[in-house]
Every structure is written in structure tokens, then in C-alpha cells.
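Single-structure report; data block below.
A short reminder: the numbers here are calculations on the coordinates, not readings from a lab. Note that this is a predicted model, so its numbers are computed, not measured. Cβ placement follows ideal geometry from the backbone for every residue including glycine, while neighbour counts extend to all protein chains displayed.
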Amino acid sequence: MKSPETPKESSLIFLPKYCPPKSPPTSYTTTTTNTTKMSDQIEKVLTTAAPAPLPQFSQAVKYNGMVYCSGNIGILPDKPGMVQAEGTVKDRTRQALKNLTAVLEASGSSLHNVVKVNVYITQMSDFATMNEAYDEFFTFDPKPARTCVAVYQLPLGTDVEIECTAFLNKPSQKL
């Protein structure tokens, strides 16, 4: 009887050693100042000129000369209870962009510094109407890069949400 062949070295499979993931931080320090540090490099942005964020996210964070703004919907910041702007998608787009402008300014940036915008709408048939309001805010060139995506649903039943990324003003820069 012939003995079974041993596998050739080239046919063996070597699996990498399992390394468990690192534990996430257990807590963050939060204060009532305009920006707070979540780590040595990331700063949280918070302003009362825009709607307060839910506990799960920040209005924006600053990192390495950039500001990353969370999605904004057409909520009126001066009304209690997350009241949306009445009217059309155009009205809520305007309000979302006003909210974004307030967050950008609180972070030390502006609409002129925006490099990327993501727009989410629930009806692609609202694309042209949303663009009318959008064009009222981005009147300069070059305009930021932008993506617009139709989604099934947005928070609080709204029809538009806008987020952006911008660079921070230089100390002598005023826009």
C-alpha cells in the first residue's frame, strides 16, 4: 500500500495571526466653549446660531486645517423642538445652507472655503428647485465639487439634507 502524499510547501495556506481590535476611547471631555477638543487633534464645533445636534454627532469637527460639517436640514435654530422651515424644498434648502453657513463661521471658515458638498434629496424631481436656492449661496467661482443623491428618507421627514467640507481661514484671511 502506498502512503498518502504530504502536501507540497507551495500548496500550503498560511493565515495571518489574529490581532484583536483596539478598544475605543471610553469618554470624551465636553465643555460649553465654541470648540472643544475630542482628542489632541480633532476639535468639536458648536454654535447656537445653528440647530443643536443630536447627542450622536457634532455640528462639525475641525482637523488638520479643515472643517467637516455634519448634514444640515432646514430646521429653524431659534425655534424650540426642531421646527422645519415651512414652504417648499427651496425654503428648506435655504435654511439648511443658512445653518451650514453659521457652523462654518463658528469654526473659522466660510462658504468661500467649501471644497466639497453632498446634497441628499428625497425626490429627484426637486433637483432644479433645490439648485435655485443652492445657487443663491454659491454665487462665486470656482464652485465646490458636489454630489447630489436621491434617498428614500431623511431625518424628521424632511426633503433635503446638505453636508460639506471646507478649509479653515488663514489668520489674516477675511471673506
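Structural remarks
- The dipole here belongs to region 62-175: it is taken about the Cα centre, uses +1 on the Cβ of Lys and Arg and -1 on the Cβ of Asp and Glu, and is about 440 debye.
- Region 52-165: C-alpha gyration tensor shape, a/c 1.5 cut-off, then a/b vs b/c: oblate
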